[in-house]
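**Student:** Quick one: the structure is below, questions incoming.
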Amino acid sequence: MASSDKPEIVERGHKEDHKEEHKDEEKNEDKGGFIDKVKDFIHDIGEKIEGAIGFGKPTAAVSGIHLPSINLHKAEIVVDVLISNPNPIPIPLIDINYLIDSDGRKLVSGLIPDAGTIHAHGSETVKIPALLIYDDIKSTYHDIKPGSIIPYRVKVDLIVDVPIFGRITLPLEKKGEIPVPYKPDVDVEKIRFEKFSFEETVANLHLKLENKNDFDLGLNKLDYEICLSDVNIGSAELTESTKIVKNGICKMKIPITFRPKEFGSALWDMIRGRGTRYSIKGNIDVDTPFGPMKLPINKEGGTTCLKKAEDDDDDDEACYSSFSILSKFNLRILLLE
């Protein structure tokens with residue numbers, strides 16, 4: 001048989017395998033293309049739905065910090081956070097974490113769970129209260145002194161649950177300054193008589209108030225109770241407005257009326273011009289750069305001198321003899337009786 005007459009051997013099985021592979025590839029391509037098309041379709045539909053119904057992430061900002069109450073012992077702080085919800089449904093405010101520190105040192109921190117709900121397509125102000133106890137701060141950080149102003153930073157994490165986005169955290173931060181108040185020092189420099197009798201004596205206390213704070217005090221009101229020689233001579237209120245500059249001194253006159261015959265033997269010390277023991281207690285209402293404050297004034301065991309009304313010399317330490325006071329107020333005859 002001639003070579004040309006030999007039958008051609010065809011590897012059918014091999015060719016059929018290639019055909020099957022080719023068909024599988026075409027099927028995979030068709031399948032992958034279909035899935036990609038479905039994904040694109042879903043993505044497009046999602047974007048259109050999101051755009052149509054307005055789903056989006058909420059925004060938040062610290063809109064203000066207030067000090068509703070501040071005194072020598074504590075400061076109440078309220079942080080206002082404005083939250084805007086662009087979504088067509090309310091979103092829950094799950095947790096609020098807050099921290100107040102000064103130069104990296106924690107002053108106070110806390111957690112407010114289940115803080116409420118932000119209405120759909122609305123903005124609301126959420127108030128975060130915090131309380132600073134000055135004794136805790138001063139006992140922990142000894143370099144923080146009464147009368148000083150310290151920097152602070154408020155850090156807030158708002159945790160909300162938003163449809164589509166899920167649970168997200170909105171971090172916020174705000175810086176400022178807060179005072180550590182110190183009570184003013186009070187002294188009675190002298191007493192000047194306007195009218196003197198055993199039944200009723202009218203005089204002016206020359207009062208010295210020293211502001212030991214690193215900020216000004218706008219004095220609006222003073223209420224006081226004063227004792228001379230351990231005898232309570234009454235109390236009163238003074239509404240004279242004045243300003244006491246930071247680390248400065250303010251001098252003022254306070255009118256008093258008392259009955260010397262109630263002093264007993266202490267009256268003779270007063271008349272003889274000896275130093276008169278006194279104590280004064282009260283409060284002052286002041287305006288500060290950080291808001292209004294009510295600060296106590298307290299002086300015990302002080303000593304002052306009596307001075308005649310028209311003696312306007314500058315010697316605050318001068319005391320007058322029994323003769324000069326008796327002659328001035330014409331008390332010689334009264335005392336003899």
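**Student:** Looking only at residues that are surrounded by 14 or more Cβ atoms within 10 Å (Cβ to Cβ) and among the small types (Gly, Ala, Ser) in region 293-309, which one is modelled with the lowest pLDDT?
**Tutor:** Result: 309.
**Student:** Being at negative phi, assigned to a strand (DSSP E or B), at pLDDT below 90 and not polar (S, T, N, Q) narrows it down to one of 115, 60, 130, so name that one.
**Tutor:** 115
**Student:** Residue check, residue 124 against (1) over 30 Å from residue 285 (Cα atoms); (2) in contact with a strand residue (DSSP E or B) (Cβ under 9 Å, 6 or more places away or on another chain); (3) free of Cβ contacts under 8 Å to residues at least 12 places away in the same chain, all met but one. Which one?
**Tutor:** Against the list (1) over 30 Å from residue 285 (Cα atoms); (2) in contact with a strand residue (DSSP E or B) (Cβ under 9 Å, 6 or more places away or on another chain); (3) free of Cβ contacts under 8 Å to residues at least 12 places away in the same chain, residue 124 comes up short only on (3).
**Student:** Return the residues of region 217-244 that are assigned to a loop (DSSP other than H, G, I, E, B) and either over 28 Å from the mean Cα position of the chain (by Cα) or not assigned by TED's automatic domain parsing to the domain that holds residue 302 (or both); say none if nothing qualifies.
**Tutor:** Looking only at region 217-244, we keep the residues that are assigned to a loop (DSSP other than H, G, I, E, B), and these are 229-230, 239-241.
Listed by number, the residues that qualify are 229, 230.
**Student:** Condition check: of a type in the set (Lys, Arg), part of a strand (DSSP E or B) and over 15 Å from residue 77 (Cβ atoms). Does residue 153 satisfy that? Reasoning before the result, please.
**Tutor:** Numbers: of a type in the set (Lys, Arg): yes; part of a strand (DSSP E or B): yes; over 15 Å from residue 77 (Cβ atoms): no.
No, not satisfied.
**Student:** Just one of the numbered conditions (1) touching a residue at least 40 places away in the same chain (Cβ under 8 Å); (2) of a type outside the set (Gly, Ala, Ser); (3) under 30 Å from residue 120 (Cβ atoms) is not true of residue 169; which one?
**Tutor:** Tallying (1) touching a residue at least 40 places away in the same chain (Cβ under 8 Å); (2) of a type outside the set (Gly, Ala, Ser); (3) under 30 Å from residue 120 (Cβ atoms), residue 169 fails exactly one: (1).
**Student:** So which of 65, 128, 96, 144 ends up being touching a helix residue (DSSP H, G or I) at 6+ places or on another chain (Cβ under 9 Å) and within 25 Å of residue 178 (Cα to Cα)? Full working, then the answer.
**Tutor:** Values: 65 fails: touching a helix residue (DSSP H, G or I) at 6+ places or on another chain (Cβ under 9 Å); 128 fails: touching a helix residue (DSSP H, G or I) at 6+ places or on another chain (Cβ under 9 Å); 96 fails: touching a helix residue (DSSP H, G or I) at 6+ places or on another chain (Cβ under 9 Å).
Just a single option satisfies the conditions, and that option is 144.
The values are calculated or read from the model by the stated rules, or taken from the named source; none is laboratory data. A quick note: this is a predicted structure, and the numbers were derived from the prediction, not measured. Cβ sites come from the backbone with ideal geometry, for glycine too, and all protein chains shown count toward neighbours.
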